[in-house]
Amino acid sequence: MNTSSDAKKRIIEAAKVAVSELGVQKATLRAIAAKAGISIGTLYYYYPSKNDLLYDIMDSHTSESYHIAEAFKSGKIDEKVTEEGIIGFLTDKIKERIEGLDDNRILFYLFLEAIMGNEAIKTNIHKKYRLWLDSIETIVTEVFRVPRTKTSRATAIIINAAIDGFMLQRLLEIDEGDISTELDEVGRLLLRGNFDLYAERIKSGKGGVKGC
């Protein structure tokens, strides 16, 4: 392994394979080390606990909205790109997030750990959720060139909650194929429907100023 970053990437990929083959509970650090072709001692050097490793996997899986928001803020996304073009791009990202079943198993495993009393994981997830919401709100306001308001925050909360719900349905296999076959439409309705409602509230003066 050449660098710490390369080592962690290799371990994360091995962990994803182990989780896919064995499930989250049975994917032990020893099994992950074997998949990565490293000693258990080397793995412990980078990840003292299994939850530390799983959190890193969750972080890598769920950071896309942050990177997109940063691209908007830094001007790396061309202003000439049409709304529909951007919505199509974001829809593809939502599809990738919902269909990442192994990554989502890890995400909901960590949610369960937090619910059952793991305060360290709960604190980290709280921080991550605030970052997700900030990023989604930035995307909302940048795409439609509207101010941050109570409604823009509410829109971000709705979109994030909907994505979580779709991920859970896919994991439980209760969608009967509807979500997997209609993800394009689901994504567009989720984005366009919420954005149009947001714009309508802004125009009517009901959006409010954030913090008011």
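What follows is calculated from the coordinates using simple rules that are stated; it is not laboratory data. These numbers were taken from a predicted model, which means no experiment stands behind them. Every residue, glycine among them, receives a Cβ derived from its backbone with ideal geometry; neighbour counts consider all protein chains shown.
Please compute the contact order of region 33-175 in relative form: average sequence separation of alpha-carbon pairs under 8 Å and at least six residues apart, divided by the residue count, as a percent.
Rounded, it is 29 percent for region 33-175.
Direction-averaged shadow area of the convex hull around the Cα atoms of region 1-128, nm²?
One quarter of the hull surface, i.e. the mean projection, equals 9.4 nm².
Quick check: convex hull over the Cα atoms of region 1-48, volume per residue in Å³, rounded to an integer?
Expressed per residue, the convex hull around the Cα atoms of region 1-48 is 60 Å³.
Taking the dipole about the Cα centre of region 87-134, with the C-beta of Lys and Arg at +1 and of Asp and Glu at -1, give me whichever of Thr91, Tyr109, Trp132 is farthest to the positive side.
The residue sitting most towards the positive pole is Trp132.
Might you report the magnitude of the Cβ-based charge dipole of region 108-147 about its Cα centre, with Lys and Arg at +1 and Asp and Glu at -1, to the nearest 20 debye?
40 debye
Place the peptides 42-49, 53-60 in order of packing, highest mean first, counting for every residue the other Cβ atoms within 10 Å and averaging per peptide.
Most protected by this proxy first, the peptides run 53-60, 42-49.
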